[in-house]
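Derivation of every value follows stated rules applied to the coordinates shown; laboratory data play no part. All values reported here derive from a predicted model rather than from experimental measurement. So basically every Cβ, Gly included, is an ideal-geometry build from the backbone, and we count neighbours across all protein chains shown.
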Amino acid sequence: MNSDSLTLRNRIAREAASLLYFGDENEFKQAKQKAAETFKCKFLPTNLEVAIEFDRIAEENEGPEREKRLIKMRKEALKIMNLVKAYNPILIGSVWRGTIHRESDIDIRVYHDDPKEALKALERSDYKIVRTELVTVTEKGQKKTSFHVYLESFTKKRIEIIVRNSEELNRKEKCDIYGDEITGLNLKQLERILEENPAKRFLPV
């Protein structure tokens, strides 16, 4: 690919990232297609290329406060994970990655065969339960169901708890955006990160 094409590819990735960041699009695929149409081009950047540009846009728009907010969100995540520590909580998403933006929420997976048990632990907390839902997705021809609990903290932070079957605890999963394995942080790992390097980022090398 020549330098002109590379520059155009970067511009398309930047445009797609901008559409996502400012809320004009919600999905990577649609954002990339719309950006390509804007530049009258048929090739699309990868999700990783768009994610890199998205991260740059977030940093440009949010500045030093972004890192401070990340640390606060990780501390909030630790508090929630302690509430459900019996269910092997794992911090995932942008708060795990360290790539939050102004609209990011806290995403935590827990593992239990009875979602109502995990829900009871959250109902006894000070967090406001906004809603719950059962979500079914198809992966490689197989249907997988998870129970989602949406919370809100006193500081209006949005939290999503995803309850999966216990048999899925050690199942490896590839990230559609970064292309690496979604490992996340368990309770002890998050505690250590907050002590040693609270703003550490977890991105592919």
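Summary of computed values
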read-out	value
Span-rule helices in the chain, defined as complete DSSP H runs reaching 24 Å or more along the axis (Cα) with Kyte mean at least -1.0	3-21, 65-83
Computed E for ASP114/GLU181 - FRET, C-beta separation, R0 41 angstrom, nearest 0.05	0.90
Calculated P(r) tail over 18 Å for segment 21-163, as whole % of Cα pairs	64
Principal semi-axes in Å for segment 119-174 [√(5λ), Cα gyration tensor, largest first]	26, 12, 11
From phi via Karplus (6.51, -1.76, 1.60), per-residue ³J(HN,Hα) for segment 145-152 in Hz, x at Gly/Pro	10, 9, 9, 10, 10, 9, 10, 9
Straight-distance crosslink candidates among aspartates and glutamates, where the alpha carbon sits under 16 Å from LYS68 and sequence neighbours closer than 8 are dropped	ASP55, GLU59, GLU60, GLU76, GLU103, ASP105, GLU195, GLU196
Among 157-164, 115-122, the order from most to least packed when residues are scored by Cβ within 10 Å on average	157-164, 115-122
Loop sites in segment 28-59: trypsin sites (Lys or Arg not before Pro), DSSP, at most 12 other Cβ within 10 Å	LYS40, LYS42
Translational D in µm²/s for segment 98-198 (Stokes-Einstein at 37 °C, 0.692 mPa s, Kirkwood Rh from C-alpha pairs)	213
Which listed pairs, of LYS32/LYS144; LYS116/LYS188; LYS79/LYS116; LYS85/LYS157, have C-alpha distances above 22 Å, in listed order	LYS32/LYS144; LYS116/LYS188
Low-density loop positions, chymotrypsin sites (Phe, Trp or Tyr not before Pro), segment 30-78 - DSSP coil, at most 16 other Cβ in 10 Å	PHE39, PHE43
Coil-residue chymotrypsin sites (Phe, Trp or Tyr not before Pro) of segment 97-184, DSSP, other Cβ within 10 Å capped at 11	PHE154
Range of Cα positions in segment 3-62 per principal axis (Å), largest first	30, 23, 17
